[in-house]
Amino acid sequence: MKIDWLPLVEMIRSHDRFLLTSHQRADCDAIGSEMALALILETLGKQVAIVNADGVPEHIAFMDPYGRVGVLGSSAPLEALRGYDVMIVVDTSAWGQLGGMAEVLRSFRGVKAVIDHHASEDDLGAQVFKDSTAEATGRLILQLAKELGVSLTPEIAAPLFAAIATDTGWFRFPSVTADTFAALAKLTAAGANPARTFAELFEQHSLPRLHLRGRILQQVTPECGGRMMWTHVTAADFSETGAQKTDTEDVINMLLTVKGVEVAVLFVELEPLVTKVSLRSRSGFDVNQLAAQFGGGGHKAAAGITFAGPMVEAQQAVLEAVRLAMGECGGK
């Protein structure tokens, strides 16, 4: 699904002040895409600000060593966001994932654009540059740099490498192709350091994060003859272990390591009436289609839902939908 970059290239060349944002609870693809895009734009002499609804998660703080990502309402007051020519949203096409930045986008009077690789899409009132076959938004930013004639530097290459590496599960997901490794080769040649990136991502965990992971794995429940596994994490689990909500990242993929598992589901109690649901598949089961039933979305093999209700209700509704969609579960 090749993107026609010319309208965005012209948009960038004809404006000077850019505001970048992404989804709440940002991951490496979101932060890496924002950081690299900001540097690309600044190479062209543009003024750039990055503002998200919440801060960079502690476990990927290395992605923003100079504290460039502003937080709406604290380090980036609402009144400070006026006067920008263009607002670009990266790595999401969903109103519900923008948090407080959704209202900023709605009221923004300048030009709006979206750069994303997720299949699901809301109408954000922006020009959309999307390739749902791309393994990460970071690779789309790499394409844009080429279209703009911007040479890669180590500072641009490093966050893009991390973006692609994490959104492919360190290159083990089906989204990985020969083009993925060609892109990684370019980034490595430009100064990205794979060994350092791996160490920052996977060898700097806190003890509370490890304890939380243990609880999540202890609570795994198999269903559908072992074809589906689900687990959960409560507010009490966070407080008792001292872990952060972002410490649940990637743990769902461990459920897919069990032989015979086709679908994995993780329920995270963010607030008493807000439950995050993550879905993963390693079969032909389309979790994006299932997530859409609850206003969520993502990819065929990886999707998410923000469920407005207590976790027990989320479990009842989502698990029943999974059972029905998988078939031959006998109700469970």
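Here are the numbers for this structure:
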| quantity | calculated |
| --- | --- |
| Candidates SER22, SER120, SER239, ranked by Gaussian network fluctuation over the chain, Cα under 10 Å, top entry | SER239 |
| Whole-Hz ³J(HN,Hα) from phi, Karplus 6.51 cos²θ - 1.76 cosθ + 1.60, for the range 168-184, glycine and proline x | 10, x, 6, 6, 10, 7, x, 5, 6, 9, 4, 5, 4, 6, 5, 5, 5 |
| Residues SER132, SER33, SER151, sorted so that the one with the fewest Cβ neighbours within 10 Å comes first | SER151, SER132, SER33 |
| If the convex hull is drawn through the Cα atoms of the range 6-202, its volume per residue in Å³ | 109 Å³ |
| Karplus-derived HN-Hα couplings along the range 298-311 (A = 6.51, B = -1.76, C = 1.60, θ = phi - 60°), whole Hz, x at Gly and Pro | x, 10, 4, 9, 7, 8, x, 9, 9, 8, 7, x, x, 4 |
| Percent of Cα pairs exceeding the 23 Å cut-off, where the set is the range 164-323 | 43 percent |
| Cα principal axis extents for the chain, largest first, Å | 60, 41, 38 |
| Built amide H within the under 5 Å cut-off of ALA76, gap 5+ | VAL71 |
| Packing-based exposure ordering (other Cβ within 10 Å, fewest first) of THR234, THR21 | THR234, THR21 |
| Compactness of the range 215-255 as Cα Rg over 2.2 N^0.38 Å, two decimals | 1.25 |
| J(HN,Hα) series, the range 25-39, from Karplus relation 6.51 cos²θ - 1.76 cosθ + 1.60, nearest Hz, glycine and proline x | 6, 4, 9, 5, 5, 5, 5, x, 5, 4, 4, 5, 4, 4, 5 |
| Pair LEU148, ASP250: separation of 7 Å Cα→Cβ label points (nm) | 2.8 nm |
| Furthest towards positive pole of dipole, ALA53, VAL86, ALA158, structure part the chain, Cβ charges | ALA158 |
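Taken together, the values in this text are just the output of simple stated rules run on the coordinates, not laboratory data. Since this is a predicted model, take the numbers as computed values, not measurements. Glycine gets a Cβ as well: all are built from the backbone with ideal geometry, and neighbour counts include every protein chain shown.
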